[in-house]
Amino acid sequence: MEKVVYQDLYQFNFLSDPVIAPDGAHAIFAKHNAVEKTNGYTSEVWIIDLQTGQYHPLTTGGDERGAFWLDADTVAFVTGRGKKKGSEGTSWYKINIHGGEAVPFMSVPERAGQIKLIDADTYLYTTVQDTPENQPLPEEQGDEPRAEQGKDFDVFDEFPFWFNGRKVINKKRTTIMLHKEGRAEAITPTYLDAMGMQLSPDKTKVVYGGCEYTDVLSRTSGMYLYDLTTGENKTLIV
């Protein structure tokens, strides 16, 4: 048996986020690979035919993730292609699984995570936002340089203030945004850290989990229901 060395890590394929097509004929998933040169990972969207078992990549750019089905023949995914350097926005492209090039689908100005489509111009997505207390201090006039909060220093007054994979989380909350008629607004409370969401079959309600706190994160979380027709939040379990 050969000795296991750290270089073996670069030979592994890490798979995640499998999603079956609406017609059950195919499934998509993400394939990640560690890259020694960049000290990071590449990510591609792959597809598998569930009848034949054959699979192949749908994308090859190396930064595609968060794929989901628009219909039985079309897949949308997050990508950095065309993104301006330093931009925090998120862009989705779409591609036909039977061939053709990926084309722009939609974008939001924030760094988005999970997304749920309701109709052509209405959708939900998650993003991390600062609470009011974590907003940058106003700049002072004059020539004297001033340290910038979030760049030169941070203020930690919550616990935990750091989380593996998310870095500093002090006064930051995962928020569910509702985009409708060209505008986006938060549907979750300011201090609630949302964890997952699911649309009802008729797409009139969304259920989500989360923990609401202002100093110390609780060991328990609640479940909530938001009515997309009335705009009302209801606590199911807390």
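Sum up the charges of everything whose Cβ sits under 12 Å from the Cβ of A27, counting Lys and Arg as +1 and Asp and Glu as -1, but leave A27 out.
Overall, the nearby charge balance is -3.
List residues of region 68-84, by number, whose backbone nitrogen lies under 17 Å from a label position 7 Å along Cα→C-beta of T42.
The answer is 79-81.
Run the dipole for region 157-219 about the Cα centre, Lys and Arg Cβ at +1, Asp and Glu Cβ at -1, nothing else charged, and hand back the magnitude in debye, nearest 20.
Using only the charged Cβ atoms, the result is roughly 220 debye.
With a sphere of radius 13 Å drawn around the Cβ of D8, what net charge do the other residues whose Cβ falls strictly inside it have (Lys, Arg +1; Asp, Glu -1)?
Its environment carries a net charge of -1.
Over its Cα atoms, what ratio of radius of gyration to 2.2 N^0.38 Å does the chain give?
This ratio for the chain stands at 1.18.
Restricting the count to DSSP beta bridges whose residues both fall in the chain, what percent are antiparallel, rounded to a multiple of 5?
Rounded to the nearest five, the antiparallel share is 95 percent.
Using 1/(1 + (r/R0)^6) with R0 = 30 angstrom and r between the beta carbons of T52 and V103, what's the FRET efficiency to the nearest 0.05?
Step by step, r from the Cβ atoms, then E = 0.65.
Of the accessible area of the chain, with the probe set at 1.4 angstrom, what percent is carbon plus sulfur?
C and S atoms contribute 52 percent here.
Would you please put 56-62, 35-41 in order of how densely packed they are, using the mean number of other Cβ atoms within 10 angstrom per residue and starting with the highest?
By packing density, highest mean first, the sequence is 56-62, 35-41.
In debye, nearest 20: dipole of the chain around its Cα centre with unit charges on the Cβ of K, R (+) and D, E (-)?
Result for the chain is approximately 440 debye, rounded to the nearest 20.
Please compute the length gained on full extension between K180 and M195, using 0.36 nm multiplied by the number of residues separating them and subtracting their Cα-Cα distance.
Contour length minus the Cα-Cα distance gives 3.2 nm.
F68 versus A120, label points 7 Å from Cα toward the beta carbon: distance in nm?
With each label placed 7 Å out from Cα toward Cβ, I get 1.9 nm.
Once R0 is set to 25 Å, what does the formula 1/(1 + (r/R0)^6) return for the Cβ-Cβ distance between N164 and E110, expressed as a FRET efficiency to the nearest 0.05?
Once rounded, the FRET efficiency stands at 0.65.
Let me check against my output: what whole-number percent is the relative contact order of the chain, with C-alpha pairs under 8 Å and at least 6 apart?
9
Along each of its three principal axes, how wide is the spread of alpha-carbon positions in region 80-135, in whole angstrom units, largest first?
Its Cα atoms span 49, 30, 15 Å along the three principal axes.
Identify the residues of region 149-164 with backbone N under 17 Å of a label point that sits 7 angstrom from the Cα of R219 along the Cα-to-Cβ direction, or state none.
159-160
What does the charge add up to near W46, with Lys and Arg as +1, Asp and Glu as -1, over the other residues with Cβ less than 14 Å from its Cβ?
-2
Evaluate the distance, in nm, between pseudo-label points positioned 7 Å from the Cα of F14 and of E133 along their respective Cα→Cβ axes.
3.3
Accessible area per residue for the chain in Å², computed with a 1.4 Å probe and the full protein assembly in place, what is it?
66
The values are calculated or read from the model by the stated rules, or taken from the named source; none is laboratory data. Not measured: the values here are computed from a predicted model. Neighbour counts are summed over all protein chains in view; Cβ atoms, including those assigned to glycine, are modelled from backbone coordinates with ideal geometry. We work out accessible area using only protein heavy atoms, side chains counted, and drop any ligands, DNA or RNA first. Shrake-Rupley method; radii C 1.70, N 1.55, O 1.52, S 1.80 Å.
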